[in-house]
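Here is the structure we will look at.
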Amino acid sequence: MKSHIQSLLEQTLESFKQQGIVPADFEARIQVDRTKDKSHGDLATNLAMMLTKVAGKNPRELAQLIIDTLPASTFVAKVEIAGPGFINFFINDSALADQLQNALNDEHFGIKLPTPQTIVVDYSSPNLAKEMHVGHLRSTIIGDSVVRALEFLGHNVIRQNHVGDWGTQFGMLLAYMEELRAKNGEQAQLELSDLENFYRAAKLRFDESAEFATRARQLVVELQSGDAYCNKLWREFNDISLSHCHDVYARLGVSLTRADVHGESAYNADLEQVVKDLDAQGLLTESNGAKVVFQEAFRNKEGEPLPVIIQKADGGYLYATSDLAAMRYRSSVLKADRVLYFVDLRQALHFQQVFSLAKLAKFVREDMSLEHLGFGTMNGEDGRPFKTRSGGVVKLVDLLDEANVRALELVRSKNPDMDEATLAEIARVVGIGAVKYADLSKNRTSDYIFSFEQMLSFEGNTAPYLLYAYTRVVGIFKRVTDLDLSQAKIVLEHEKEKDLGNKLAQFGEILNRVVDKGQPHVLCAYLYELAGAFSSFYEACPVLAADNDAQKNSRLLLAQLTARTLQKGLNLLGIETLERM
Ligand SMILES: NC(=[NH2+])NCCC[C@H](N)C(=O)O
């Protein structure tokens, strides 16, 4: 509805341009908002006020002109001027009902799909030297929910798990692997089942033995120069590390597969060329033996230029170098229209620098949009980055295990007589859903406090609340037999029916916001409001005990569309639903 009004206003503006009322090159961002007070209609725009200056007319006069020029539409029942020059639109309820009816019969909820784009989404991207820890949760699940929404809207999404699988740490790990293997093959396999310990033990050896450290450095050089033995060891290590990641993805219900892994090592062969190309354009400078690029726009507080380091004095390449190669690949091979990076906000400067350099060096097409969609830190209840009691990093698997245990207690307390298998399945969905929803529902860019109690509460904007709301809606259908809604029609009469209908009709506009800005929390807030609108409707409007069959069936259809929207919405957040809990 909102985009419909927007398009009517765009057409009006176009005709103003043709008539010379506003200059032909005038660019306006037409804003249409939902009104808070329904006596002011359903939607409003401040377009008249925006045009006053360029049109040289007063806003009320312009508002009248807009109304006179507005193309006719069946959705608009009435248009009014309010206050200094706002234009209020009253939506035609029967047109709204038709839209909802249409949504019910369409796999895409009647949402007008955008022109499909090729969108590369770089997310999760853990470093393989260690096990996934809580720091990887946000990138993984925020990225995955945006991916799901993009695909639902018809875009061609290319997932890229840009894992850190290259660099000096691997020398140390391979040297340790080699050492263990020489002693006892079985042992190495066993120790690799806990990467965290493996890394710690390797580091210990590296620090205590000069001989070991030398071997480690030698292995890195051999690895990078393509030595077969080294590469085999390296592949074995990565394979194990990746299988840890994919265990976590499977538990989280994240859609990344092995085929989406395209890590730093994939660009190894391109790095030399990156250096050559930067050099040929005169962009490289030497700084303490390293090859770096200085860009005017990037300076520290003291005003000194900040470099992007491309190649170290010892010949080694850096994080930025592979990112430059990756951008070139995404532009010229993958032909992305947009590239979205779901990476910690603490890397904001890195991305500003490499994006700007990639453009400067013409590594990427002018029309490819590079977007760092950063996120804040997940903190413990003390407000500091989330750690174990002893101050160590929290492994993601351990966190999920605990969520599961707590969810099981919760579900058991509500259903003392339920059998174990059902309890376990419900607890799994609630536990994982709670962890994901707690994260997704927060504004991406802020830090947030991770609290099991809060995320497992049935009150407020939480997964348990929404999952329960869903079971209540579908519960209605369990109480009807011989349901035949094929001839039923949605009719919006009661105030609460209209409110619910209005909420339902916003689904498409919400999804567009999720994908444009990479903000799943907008969808969470919407689902929470939708569940609330359904509750108010259900309290005020008897469904099964409606006045007559037509009314009952109309209300059943509203319930059906609510259930479908809640389920689809949760599904786009990567959260499963339950029929009962
Ligand atoms: N193209 C990228 N730089 N993606 C993000 C990589 C994140 C990096 N591996 C880390 O754990 O911090």
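Mind grabbing the base-10 log of I(q)/I(0) for the range 218-340 at q = 0.13, 0.16 Å⁻¹? Debye formula, identical points on the C-alpha positions, no solvent, two decimal places. The Cα Debye sum returns log10 ratios of -0.73, -0.99. Test of the criteria: in the range 125-214, which chymotrypsin sites (Phe, Trp or Tyr not before Pro) are in a DSSP loop and have at most 12 other Cβ atoms within 10 angstrom of their Cβ? Taking the range 125-214 and a limit of 12 other Cβ atoms within 10 Å, no loop chymotrypsin sites (Phe, Trp or Tyr not before Pro) are found. So what's the angle, to the nearest 10 degrees on a 0 to 90 scale, between helix 271-280 and the longest Cα principal axis of the chain? The helix 271-280 is inclined about 80 degrees to the chain.
Each part reduced to its alpha carbon centroid, the range 399-438 and the range 460-488 end up 21 Å apart.
Within the accessible area of the range 172-231, the carbon and sulfur atoms contribute 53%, probe 1.4 Å, all protein chains present.
Computed from Cα atoms, the angle from the helix 195-208 axis to the main principal axis of the chain rounds to 30 degrees.
Angle of helix 137-152 to the longest C-alpha principal axis of the chain, folded into 0 to 90 degrees and rounded to 10: 50°.
Could you tell me which of rounded, prolate or oblate describes the range 193-289, using a ≥ b ≥ c as the square roots of the eigenvalues of the alpha-carbon gyration tensor, with rounded for a/c under 1.5 and, failing that, prolate when a/b is larger than b/c and oblate otherwise? Because a/c hits 1.5 or more and a/b fails to exceed b/c, the range 193-289 counts as oblate.
Once the 1.4 Å probe is applied to the protein heavy atoms, the chain comes out at 46 Å² accessible per residue. Using Cβ point charges alone (K and R +1, D and E -1), the dipole size of the range 72-230 about the Cα centre works out to roughly 260 debye. For a test of the definition: using alpha carbon positions, the gyration tensor, and the 1.5 limit on a/c, classify the range 410-487 as rounded, prolate or oblate. Oblate, since a/c reaches 1.5 and b/c is not below a/b. In this simple spin-label approximation, Asp447 and His494 carry label points 7 Å from Cα along the Cα→Cβ vector, and these lie 4.7 nm apart. Counting Lys and Arg as +1 and Asp and Glu as -1 over every other residue whose Cβ lies under 12 Å from the Cβ of Phe351, the net charge comes to -3.
Binning the C-alpha pair distances of the range 273-324 at 5 Å intervals from 0 yields a P(r) profile of 5, 21, 29, 27, 13, 5, 1 %, listed from the shortest bin outward. Enumerate the lysines that Lys232 could reach by cross-link, defined here as Cα to Cα under 22 Å, with residues fewer than 8 away along the same chain left out. Once the sequence-local lysines are set aside, what remains near Lys232 is Lys130, Lys183, Lys203. Is the chain rounded, prolate or oblate when judged by the Cα gyration tensor, a ≥ b ≥ c being the square roots of its eigenvalues, rounded requiring a/c under 1.5 and prolate requiring a/b larger than b/c? Taking the square roots of the gyration eigenvalues as a ≥ b ≥ c, the chain is oblate.
Dividing the mean sequence gap of close Cα pairs (under 8 Å, 6+ apart) by how many residues the range 352-493 holds gives a relative contact order of 23 percent. Legend: calculated FRET efficiency, Lys335 to Ser243, from the Cβ-Cβ distance at R0 = 35 Å, rounded to 0.05, equals 0.65.
With contacts taken as Cα pairs under 8 Å and at least 6 residues apart, the chain reaches a relative contact order of 14 percent. By accessible area, using a 1.4 Å probe on protein heavy atoms only, the range 404-535 has 49% of its surface on carbon and sulfur.
What is the list of residues in the range 313-333 whose amide nitrogen lies under 15 Å from a point 7 angstrom out from the Cα of Arg365, following Cα to Cβ? So the set is 327-333. Accessible surface of the range 288-371, 1.4 Å probe: 55 percent of it comes from carbon and sulfur atoms.
Checking the Cα-Cα distances for Lys112/Lys335; Lys17/Lys496; Lys414/Lys489 against a 31 Å cut-off, the pairs over it are Lys17/Lys496; Lys414/Lys489.
Between the beta carbons of Ala546 and Leu578, assuming R0 = 25 Å, the FRET efficiency works out to 0.40 to the nearest 0.05. For the range 370-467, the calculated P(r) over all alpha carbon pairs, in 10 Å bins from 0 to the bin holding the longest distance, is 15, 43, 30, 11, 1, 0 percent.
Based on DSSP H segments of at least four residues, each scored -39500 (n - 2.57), the chain has a per-residue ellipticity at 222 nm of -17000 deg cm²/dmol.
The values are calculated or read from the model by the stated rules, or taken from the named source; none is laboratory data. Note that the structure is a prediction, hence the values are computed from the model and not measured. Backbone-built Cβ (ideal geometry, glycine too); neighbour counts: all protein chains shown. In case anyone asks, the SASA skips ligands and DNA or RNA and just uses the protein heavy atoms, side chains included. Shrake-Rupley method; radii C 1.70, N 1.55, O 1.52, S 1.80 Å.
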